[in-house]
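We did not get these values from a lab; they are worked out from the coordinates using the rules stated. A quick note: this is a predicted structure, and the numbers were derived from the prediction, not measured. All Cβ positions, glycine included, derive from the backbone under ideal geometry; neighbour counts span all protein chains shown.
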Amino acid sequence: MTTPSTPRARSVVAPTAPGRMGVPLHPEQARRYLSELHTWVDERRRELDLLDAAVLRSPLKSQLTRDMMLSLALWKSVKDRLDLLMVTWDSGRVGLTERERLSALIWGRLDATLDPSLLVADKSSASPLTSGDAQGLSVSLPEACRLSDAMASQLRTRLALDPAADQITARLRDLRAQIERIRDQVALEPAGLRSGPQAKLDDLSARVAEMTGRVERGADIGGLIGPAEIEAARFERDLIVGGVERREARGLVEKAREMRDDLESRETAMHQLVAQCVRRVAPAPKYAVPDPEALGPVPNTRAQLEDYLDRLHRVGKAMQVVQDAYAKALAGHEDLITRLGSHRSRALAQGFGDDPDLTALDALTTDILTREPCPVPLATELVEAYEVFVQWIATQRKEQRP
């Protein structure tokens, strides 16, 4: 039984990705999608924090931990790809080459592969993709977002099996929306494999329609909606994963080419990130961006392909190290600017923002922070000195009051 503190915040839904692989994005489509994706990433993170805290308190903790781990891994993959998209977007300063790269970053494979064992409740029932020889389950950005939506929905359902009566209408609305997403996903199934999922969808749709009718007649559906939500979330997740598995089965050559193309797109975006960091902060990290071309052309024998895929994965991990290091350096510089602004506002609010010594220190600190590149160690010392100075003046004024 869930506690009253179990989160029931309505889950956000990932925006629809524009364009398709190989087609340059229209700037307005890119701007709108990146804005919506940024909002989705922030809201999903807040939701996952609530869900993670609820899982830790839940008696179902052992059953839900794997789903929570997968949800967090999906969020991290999407967040990392969004960072590269924003660097490539560069506030809208994009030409044809950058718009093609944006499309490749959206529709290419996310390099951070997902552990397939997280997708099955029982390791003994794992598909061939979850064997020890598998490199992992790679998904595109839109697939990762949809899978994250499905996983969050499943977690919210499992953590809220005893909802209040006034939540039934909202839950039914969410369930009907999920049925429509599942309908779209079933339409993507191969014709020869569609009959089973279609029958399951028809059964689920009929149950939801029956529950809607019961609610309209004033009947209680508390014992019916929970299992239907769980089944719908699992069904949607399985359809998404099934689509990814079929794509994986198309062949190692195609997989290697897609991974190689994605790494090349990431490499270009990474060079922009490195250049931005080197221009803005000093000392900047000293990592070289891995070059996928150094791996040579894609081979055509199975043994060579498996080795090639392994090297591609290692290049991807090395790129992630580079991205994390340079992104952290830029974030540290932004944090210093924020801290200075916060304490400047405090000084103004307390009436001593025009203190000549404080003003001089403010001017010096601002000058150092806005230099390109900014000497971060010196800027850090100056921001900390400004913080101490503000605190000292505030203390002095308190002591001087009668």
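Amide H contacts under 5 Å for residue 140: 110, restricted to partners 5 or more places along the chain or on a different chain, H placed in the peptide plane at 1.01 Å from N.
Applying 1/(1 + (r/R0)^6) with r as the Cβ-Cβ distance of residue 26 and residue 286 and R0 = 30 angstrom yields a FRET efficiency of 0.20. Rounded to the nearest 500, the 222 nm mean residue ellipticity of the chain from helices alone is -24500 deg cm²/dmol, with -39,500 (n - 2.57) taken per DSSP H run of at least 4 residues. When all alpha carbon pairs of the stretch 26-71 are counted in 10 Å bins from zero, the resulting P(r) reads 25, 35, 21, 15, 5 %.
Cβ crowding within 10 Å ranks 235, 352 as 352, 235, fewest other Cβ atoms first.
Rounded to the nearest 20, the size of the Cβ-charge dipole of the chain about its Cα centre is 560 debye, with Lys and Arg at +1 and Asp and Glu at -1. Shown for 179, 230: other C-beta atoms within 10 Å of each C-beta, ranked fewest to most, produce the order 230, 179.
A simple rule links phi to the HN-Hα coupling: the Karplus curve 6.51 cos²θ - 1.76 cosθ + 1.60 with θ = phi - 60°, which for the stretch 167-180 gives 9, 4, 4, 5, 5, 5, 4, 4, 5, 5, 5, 5, 4, 5 Hz, with x for Gly and Pro.
Which loop trypsin sites (Lys or Arg not before Pro) in the stretch 200-286, with loop taken from DSSP, have no more than 10 other Cβ atoms within 10 angstrom of their Cβ?
Numbers: sites: 200, 207, 214, 217, 234, 237, 246, 247, 250, 255, 257, 260, 266, 279, 280, 286; in loops: 217, 250, 286.
The qualifying sites are 217, 250, 286.
Here the 3J(HN,Hα) profile of the stretch 378-391, calculated from phi with Karplus coefficients 6.51, -1.76 and 1.60 at θ = phi - 60°, is 5, 4, 4, 4, 5, 5, 5, 5, 4, 4, 5, 4, 4, 5 Hz, Gly and Pro shown as x. For residue 61, the lysines whose Cα falls under 28 Å of its own Cα, not counting residues fewer than eight places away in the same chain, are 76, 79, 123. Straight-line reach from residue 286: taking Cα to Cα under 18 Å and skipping same-chain neighbours fewer than 8 places apart, the lysines in range are 317, 328. Report relative contact order for the chain in percent, whole number only (criteria: Cα-Cα under 8 Å, sequence separation at least 6). Normalised by residue count, the contact order of the chain is 15 percent.
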